[in-house]
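Structure, as structure tokens:
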Amino acid sequence: MKRIFYNRLDVAGMAIYVGVSERGLAFVGSDGADLSELENWSERMRVELMADVAKVRPYADGIEAYLTGVQRDFGLPVDISGTPFQEAVWQALLAIPYGETRTYSEIANLIGKPKAVRAVGTAVGANPVLMVVPCHRVIGKNGKITGYRGGIAMKERLLQLETIRA
């Protein structure tokens, strides 16, 4: 069984659980969520959780550098997998520049599936590494901030952080 090493990161007023495998960052939790968010994800993914501050530290440092404005991207390896459709959506999210947003429709067009707007929303919501694969940069067609696994307040905060530092 695959192991995920985890720790809670408290930085910039956020409390986030972070999980890593031997290959890279596998999970970034919602601000303020308890350990059950990570445990539920690990059950779905069929991975074993082990607390390990040292293994998580380099990834936590990268997230901290992003949240405190020291760097705009993470430069960290990720270890995530999904369906081919999810992976196409996640790659499109990675192409959204820091400080910019795209709509779900734009992402659907970008991956060549213009009628799959709702499916794009579902794939965005399935992203296990909040911030690193920047799903917070996707907004509604009307320009409004819409759903986010980490909650609307977290999404607004991340967008504001990027706007201030863009």
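Annotations
- Note on segment 11-33: among residues that are open to solvent by 60 Å² or more (accessible area, probe 1.4 Å) and out of contact with any strand residue (DSSP E or B) (no Cβ under 8 Å at 6 or more places or on another chain), the one that is nearest to VAL124 (Cα to Cα) is ARG23.
- Filtered by the rule that a residue be among the hydrophobic types (A, V, I, L, M, F, W, C), crowded, with 18+ Cβ neighbours inside 10 Å and part of a helix (DSSP H, G or I), segment 46-75 gives VAL56, ALA60, ILE63, LEU67.
- Residues of segment 1-25 that are farther than 19 Å from ALA65 by Cβ and either assigned to a strand (DSSP E or B) or aliphatic (A, V, I, L, M) (or both): MET1, ARG3, ILE4, PHE5, TYR6.
- Applying the criterion of being touching a strand residue (DSSP E or B) at 6+ places or on another chain (Cβ under 8 Å) and not charged (D, E, K, R) to the residues of segment 99-119, the residue that is most open to solvent (accessible area, probe 1.4 Å) is LEU110.
- Residue count for segment 107-129, restricted to those that are out of contact with any helix residue (DSSP H, G or I) (no Cβ under 7 Å at 6 or more places or on another chain), closer than 27 Å to LEU25 by Cα and not in a strand (DSSP E or B): 3
- Here segment 141-159 is the region considered, the condition is being in a loop (DSSP other than H, G, I, E, B) and in contact with a helix residue (DSSP H, G or I) (Cβ under 7 Å, 6 or more places away or on another chain), and the residue that is surrounded by the fewest Cβ atoms within 10 Å (Cβ to Cβ) is LYS141.
- Residue that is nearest to ARG8 (Cα to Cα) [pool: residues in segment 35-56 that are without any contact (Cβ under 8 Å) to a residue 12 or more places away in the chain and among the charged types (D, E, K, R)]: GLU39
- Test for ILE96: is it part of a loop (DSSP other than H, G, I, E, B), open to solvent by less than 30 Å² (accessible area, probe 1.4 Å) and not polar (S, T, N, Q): yes
- Per-region count, segment 1-55, residues of a type in the set (Asp, Glu) and touching a Ser or Thr at 6+ places or on another chain (Cβ under 9 Å): 2
- Count of segment 1-59 residues, restricted to those that are at positive phi, of a type in the set (Lys, Arg) and in contact with a Pro (Cβ under 8 Å, 6 or more places away or on another chain), is 0.
- Residue count for segment 26-45, restricted to those that are in a helix (DSSP H, G or I) and closer than 12 Å to ARG3 by Cβ: 2
The values are calculated or read from the model by the stated rules, or taken from the named source; none is laboratory data. Remember, it's a predicted structure, so these values are computed and weren't measured experimentally. Using ideal geometry, Cβ is built from the backbone for each residue, glycine included, and neighbour counts are taken over all protein chains shown. We work out accessible area using only protein heavy atoms, side chains counted, and drop any ligands, DNA or RNA first. Shrake-Rupley method; radii C 1.70, N 1.55, O 1.52, S 1.80 Å.
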